Structures are given as structure tokens and as C-alpha cells.
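Presented below is the structure to which this report refers.
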Amino acid sequence: MEVKSLPIEELRKLLAAVSEHGKQHLVEVEADLLQTTFLLNEAIEKLGASFSAIHEAVAQQQHIIDQLAQSQTLPKASAEKLDVLKHTIGDEVNAVVTSLQFQDLTSQLISRTINRVIGLKGLLHELETHSNAMDPSHEHAQIAQFLEMMSHNLHEGSHALSGGLRRSVGQQDMATGDIDLF
Amino acid sequence: MAKTILAVDDSGSLRQMVAFSLKAAGYEVVQAVDGQDGLNKAKEKTVDLVLTDQNMPIMDGLTLIKNLRALGSYQTVPILMLTTESSDEMKAKGKAAGANGWLVKPFDPKRLIEVVQKVIGS
């Protein structure tokens, strides 16, 4: 098929479709991420409260056990077993405190992703806005200039988006981090 | 009298874990939700140690440290960073700003207490 003039209308439709469908999907992604954040926040709040309550109850229980041990009413074997359990509980409490920090790390990652999604929506909007400025009656050079400007704006916008984000969280697991004293 | 530690972090769960760990070791804990809140609370009462996150809204950790070091009462108070940031570049910036140490999240409560005890005593 011979094309005598540039298919500007078709190009405009294509760019509008890319923008529209892209934005629709990104809106869904953003909503899912916000819901995930909400669920994580609620979960960590309840986990934290329950953990504190359990720790408080165990501490009171331990206080009673310590009193019994001091009064020497406990058989030696039981006292030794309780002491081992006391240390086991202490180690597990430490592990829980470390693990519960997952919410801080994941919420930083989610927040970074949401900001990137919002930025991408902006870039797609720009794609649509600029494509509307293309007119089939324009000269080829003028249209080429529009396309060049769109590419430039997308490049700049993408660069600015990456620069404006917080650094990514590098942790790959919940192993505790390094400590440096200066 | 128990020593007081100012814990600055925009994450409520992280502040909760820090406060839980430090209180269990006998320290008093004042919490702040960002650098500006931390600066305000530090001015209200001079604390024995500041433990701050880096990435926070309104005012980040490095800016908080610089502001605290500019105050007469905080020129020698130990300041530790507790952050997800682990690059040498950021650690160098922290040291230059006046931080005394750098702890990478997630923290182990036992090791956190050991560091705090080393820096300010029990």
C-alpha cells in the first residue's frame, strides 16, 4: 500500500492508546500497592501490640519463677530447665524484634515503587498531550520536530523521575546489618 | 537515673522495636517521627544519645545531625545512625556531619544494646 502522507492520525491514536492503557494499568498497580501498604501497616500494628503484650506477660511470669527459684521451692532440675527456657525465650524475642523490622524495609520499597508509578503516569500523560499537537497538515520537518521533542521530554522526565527517588533498599534478607563506630 | 535516648525514625514499627529494645535494657526513650521533630525534642531536653534514621520526610538524618552539632548542648552528645543505607559514601557523609557510628537495618536488639552501652554506658 502506498502512503502519500504521514499517517499522523494513526500515530496519534497509537500514542493515545499506549498512554491510556498504560495509565489504566498503572492506576491499578498504584491501588494494589496502596492496599498492600495499608494491610502491612495494620498487620504490623497488631503484631507489634500482641508481641508487646506477650512479652509483658512472659516478663511477669518470669518474675514469679525467679521468686520461686529464690525461695528454693523448685527442684534443681526444674530450676535449670526454666533457666534454659528463659534464655531460649530471650533469643526468640530478639529474633522477633529483628524480623518485625520487615515492615520498615518493605514499606520503603513500596513507597519507592508508588513514586515511580506516579512518575510513569505523568510521562504517559505527556505522551498523549504532545501527540495531540501533531497535525496531518504540518510539514514532515515540523512533525519530526514534534516527535524529537516528545522523545526528549520523555528522556528528561524519566531521568528526573529516577533522580527524585529515594535510594533503593539493598537488603536481600532479614539478616542484621553491619555496625561501624567512628 | 536512667539515661535518655532520642529515637528518630519515620517508621512507627521501627520506633516501636527500638523503644522496646532500649527500654528493656533500662533506658528512657523519647521518640520523634522525623528530623524536624527530633530537633525540636532534642531542644526541649538534652538527651544522652541520639539514634536516627537517614531517609525521612521533612528533615533527613544527616541534616538533623548537622543541626544538632550546631547547638552548644549537642557538640559532644553521641549520635548514631540507624538506617537501611549501607554505602561507604553515605557512611563518610555521616561521619563528616558528626555521627559517631553507623548501624545498618535490620538491627539485632542484643547488638544494639551492646553498642549503646559501649557509647554511653548502662
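Key figures
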| item | result |
| --- | --- |
| Candidates B:Leu6, B:Leu22, B:Leu51, B:Leu14, filtered to the one that is crowded, with 19+ Cβ neighbours inside 10 Å, part of a helix (DSSP H, G or I) and more than 10 Å from chain A (Cβ to nearest Cβ) | B:Leu22 |
| Within the stretch A:123-146, tally of residues that are part of a helix (DSSP H, G or I) and either without any contact (Cβ under 8 Å) to a residue 12 or more places away in the chain or within 30 Å of B:Leu80 (Cβ to Cβ) (or both) | 5 |
| Filtered residues of the stretch B:60-92 (kept if within 12 Å of chain A (Cβ to nearest Cβ) and more than 24 Å from B:Ala19 (Cβ to Cβ)) | B:Ser87, B:Asp88, B:Glu89, B:Met90, B:Lys91, B:Ala92 |
| Every pair of residues 6+ apart whose Cβ atoms lie under 7 Å, when the first sits in the stretch B:1-18 and is closer than 22 Å to A:Ser50 by Cα while the second is hydroxyl-bearing (Ser, Thr, Tyr) | B:Ser11/A:Ser107 |
| Check on A:Thr36, of a type outside the set (A, V, I, L, M, F, W, C), in a helix (DSSP H, G or I) and surrounded by 15 or more Cβ atoms within 10 Å (Cβ to Cβ) | yes |
| Qualifying residue in the stretch A:37-52 (condition: farther than 18 Å from B:Ser13 by Cβ and either modelled with pLDDT of 90 or more or aromatic (Phe, Trp, Tyr) (or both)) | no |
| In the stretch A:156-182, residue farthest from the chain's Cα centre (by Cα) [restricted to those that are more than 7 Å from every other protein chain (Cβ to nearest Cβ) and within 19 Å of B:Leu103 (Cα to Cα)] | A:Ala175 |
| Qualifying residues in the stretch A:46-98 (those that are surrounded by 14 or more Cβ atoms within 10 Å (Cβ to Cβ) and of a type in the set (Val, Ile, Thr)) - the one nearest to B:Phe20 (Cα to Cα) | A:Val97 |
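The values are calculated or read from the model by the stated rules, or taken from the named source; none is laboratory data. Fair warning: this is a prediction, and the values are worked out from it, not measured in the lab. Counting neighbours? That spans all protein chains shown, and the Cβs are built from the backbone with ideal geometry, glycine included.
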